[in-house]
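Chemist: Handing you this structure, nothing more for now.
The values are calculated or read from the model by the stated rules, or taken from the named source; none is laboratory data. Here the structure is a predicted model, which means the values were calculated and not measured. Cβ sites come from the backbone with ideal geometry, for glycine too, and all protein chains shown count toward neighbours. Side chains are part of the model used for accessible areas, which takes the heavy atoms of the whole protein and leaves out ligands, DNA and RNA. Shrake-Rupley method; radii C 1.70, N 1.55, O 1.52, S 1.80 Å.
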Amino acid sequence: RLGVYLAISGRGLGAWENCALYREVSDGDFRLQEIIDAPSPVGIGQTDLDSWSDELVKDETTQLDIYFFDDIELENAVQSDIDRYPTLNLLRVGDEWMQFLTATPISLPIDSTYKSAWRIEDLWRGSFQTTAEMGAHGTGEYAALVTPALRF
C-alpha cells in the first residue's frame, strides 16, 4: 500500500544502526528518504588484557570485558568471515586494532550508567600494523567498535 516505509539495516536487527529508510511513492516504487547513521559504539574496558606477541596466532587465552555507553548487539564470527572481511568485528582498544570471533553479553552492575556489556574473546591482535601496540591494556581504556560510522 502506498506510503509504506521500509527500513533496511545491515545486521537485520531493525533501525538501530546505519539504516536506509525508503518510502513507497507508487506501487513498488520505493524512494530513499533518509540514511540513519548511529555513532560508532564506544565503551570502557573493565578488565586487563594481557600483552600478546604474535599477530599471526589467535589469542585464545585472554578476554576483554567492555561496558558500552549505548545498548548494542554484537555477533560472533567464524574464521572464514574474519579472513574475508578485514573490518568485521574490528575493535580499537587504546592504539591497537584487533578482531574478535566471540562476543558474549554479560550483566552490568545494578547501579551502572552504561547501557550494555560484552565479553570479547578469541582475538586476532595487532591488526593493521599495530603489532607494536600489542602490550597489555588496562582497565579503563577506551574501546571503539568499527562500524560504517567510524571511517577507517
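Chemist: Around residue 31, with a cut-off of 9 angstrom between Cβ atoms, what is the net charge of the other residues, counting Lys and Arg +1 and Asp and Glu -1?
Modeler: Net of charged neighbours comes to -1.
Chemist: Moving on to the next point. Tell me, what is the 1.4 Å probe accessible area of residue 131, in Å² to the nearest 10?
Modeler: The accessible area of residue 131 comes to roughly 60 Å².
Chemist: Would you mind putting 41-51, 68-78 in packing order, based on average other-beta-carbon counts within 10 Å, highest first?
Modeler: Those peptides, ordered most packed to least, come out 41-51, 68-78.
Chemist: Okay, moving on. Using alpha-carbon pairs under 8 Å, 6+ residues apart, how would you state the relative contact order of segment 46-106 in percent?
Modeler: In percent, rounded to a whole number, it is 26.
Chemist: Please calculate how many Å² of accessible area segment 61-152 carries per residue, with a 1.4 Å probe and no DNA, RNA or ligand atoms counted.
Modeler: Per residue, segment 61-152 has 53 Å² of solvent-accessible surface.
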